[in-house]
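Here the structure is laid out as structure tokens; the discussion comes afterwards.
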Amino acid sequence: MKVLAIAHNCVGVSNRRKFDALAAHPDLEITLLTPSWWFEEGQVTRQTAAPGERYRIVVGRTLCTNNGTRHAYLTQLPGLVARLQPDVIDLHEEPFSAAAFQTALLRDLFAPRAALVFCSYVNLHRIWRRPYRWFERYTLRRADAVYAPNGAVPEVLRAKAFRGPIQVIPMGVDLERFHVSEAEALGRTRHGPPWTIGFLGRLEPVKGLPVLLEAFARLPHDARLAIVGDGPERPGLDALAARLQLQGRVEFRPAIRFEAVPSFLASLDALVLPSVTIPPAHKEQFGRVLVEAMACGVPVVGSSSGGIPEVIGEAGIVVPEGRVEPLAQALAELLDSAERRQELIRRGLRRAREVFAWPRIALQYRALYELGRELRQQRLSCPSAEC
């Protein structure tokens, strides 16, 4: 099976683990197209092939690079579609984007037998302005299947009249990079205070960090909070920490590279993702850092925003979004009870291994490719609406 994948986020090496896992299937011939650069992992990242990759990486020149809605390929994409004649086109772009419209159009013109499978992360119903709603309508009508990271996306796409299969496939975790033994993870719970609670991500309004600071202010003084990341909320968070008299207890650190994430997570007693929903623009779509913390043997606490409860399942604590007191209580109870921490460590390690490991995720993508190809063949053999 020949697969042409188009994914701007795969400029970052960490985002290519999906294709690393798929390439372990010897009957899949994968070609990955990305721009030459993108803002990924907290900085401008330029495309480089990692040693040992078992698939072809092609770099295309793009218009409006670093804009997920407006970017389109000036080179490579038309030729790849025409020359490769892929069985499946895996489009890791939102259906309303210019790149999605471009890919769907090129498929129709040059490789009509290729199944078009795209992703969507948008879990709030939004009506896009022209021309993006035209792009979305065109892509939805021509796609053969969709994958999404959470259960709210299918409802959004059904409301927009997409009738094909939609598979919820979570983001995976590289267990080789993040995994620790259960004994090592449980050993951390014997260290005692000072406890360290952490956050890792962009400092944006949707991340709910004022809620975290106010909840943390209610914890005992032997607790510490490490907030790692950059973003527009930093000045306001500094001011709030000062008003709450948290000097010496809260440490703000700049964004770190992906290679440094495992060691940071392993230094924590708990990882918190306190996201809040800000309609109609955003609610949390997944929360990959939660899965990475589970794989590191770190208990996780997340809000009820968007896909966070789906990610955590029974392996962590979910609190109502935007509420200070429930978050403070959850953190206090977690830090007070070694047994509770150990229970969540075991559950998190098991969930990371059984649900989010990339080899398991790759099997789900492989099955979706097969389904998309089958449906495409049926559509070509019987294009009427009755088939």
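The values are calculated or read from the model by the stated rules, or taken from the named source; none is laboratory data. Because the structure is a prediction, the values reported are computed rather than measured. When we count neighbours, we look across all protein chains shown, and the Cβ atoms used for this are built from the backbone with ideal geometry, even at glycine.
For the reader, a short list of remarks on this structure follows.
- Filtered by the rule that a residue be loosely packed, with under 15 Cβ neighbours inside 10 Å and touching a residue at least 40 places away in the same chain (Cβ under 8 Å), the range 319-332 gives a lone residue, 325.
- Qualifying helices (runs of 4 or more DSSP H) (wholly inside the range 312-387; at least 3 residues being under 28 Å from residue 24 (Cβ atoms)): 338-351, 358-381
- Residue 188 under 22 Å from the mean Cα position of the chain (by Cα), closer than 24 Å to residue 308 by Cβ and in a helix (DSSP H, G or I): no
A quick yes/no check of all residues on (1) in the same structural domain as residue 152 (by TED's automatic domain parsing); (2) under 24 Å from residue 203 (Cβ atoms); (3) buried (at least 20 other Cβ atoms within 10 Å of the Cβ):
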| site | (1), (2), (3) |
| --- | --- |
| 277 | no, yes, no |
| 280 | no, yes, no |
| 303 | no, yes, yes |
| 313 | no, no, no |
| 347 | no, no, no |
| 375 | yes, no, no |
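- The set of residues in the range 308-327 being over 21 Å from residue 223 (Cβ atoms) and either touching a helix residue (DSSP H, G or I) at 6+ places or on another chain (Cβ under 9 Å) or modelled with pLDDT under 95 (or both) consists of 308, 311, 312, 313, 314, 315, 320, 321, 322.
This table checks each residue for (1) under 20 Å from the mean Cα position of the chain (by Cα); (2) crowded, with 18+ Cβ neighbours inside 10 Å; (3) within 26 Å of residue 142 (Cα to Cα).
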{"position": "7", "(1), (2), (3)": "yes, yes, yes"}
{"position": "18", "(1), (2), (3)": "yes, yes, yes"}
{"position": "28", "(1), (2), (3)": "no, yes, yes"}
{"position": "59", "(1), (2), (3)": "no, yes, yes"}
{"position": "70", "(1), (2), (3)": "no, no, yes"}
{"position": "73", "(1), (2), (3)": "no, yes, yes"}
{"position": "80", "(1), (2), (3)": "no, yes, yes"}
{"position": "105", "(1), (2), (3)": "no, no, yes"}
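- Number of residues in the range 12-21 that are touching a strand residue (DSSP E or B) at 6+ places or on another chain (Cβ under 6 Å) and modelled with pLDDT of 90 or more: the value is 1.
- Flag for residue 46 being surrounded by fewer than 20 Cβ atoms within 10 Å (Cβ to Cβ), at pLDDT 85 or above and assigned by TED's automatic domain parsing to the domain that holds residue 370: no
- Residue count, the range 157-186 (criterion: out of contact with any strand residue (DSSP E or B) (no Cβ under 9 Å at 6 or more places or on another chain), within 20 Å of residue 96 (Cβ to Cβ) and not charged (D, E, K, R)): 2
- Qualifying residue in the range 128-141 (condition: β-branched (Val, Ile, Thr), out of contact with any Cys (no Cβ under 8 Å at 6 or more places or on another chain) and outside any helix (DSSP H, G or I)): no
- Conditions (1) crowded, with 23+ Cβ neighbours inside 10 Å; (2) in contact with a strand residue (DSSP E or B) (Cβ under 7 Å, 6 or more places away or on another chain); (3) aliphatic (A, V, I, L, M): number failed by residue 335: (1)
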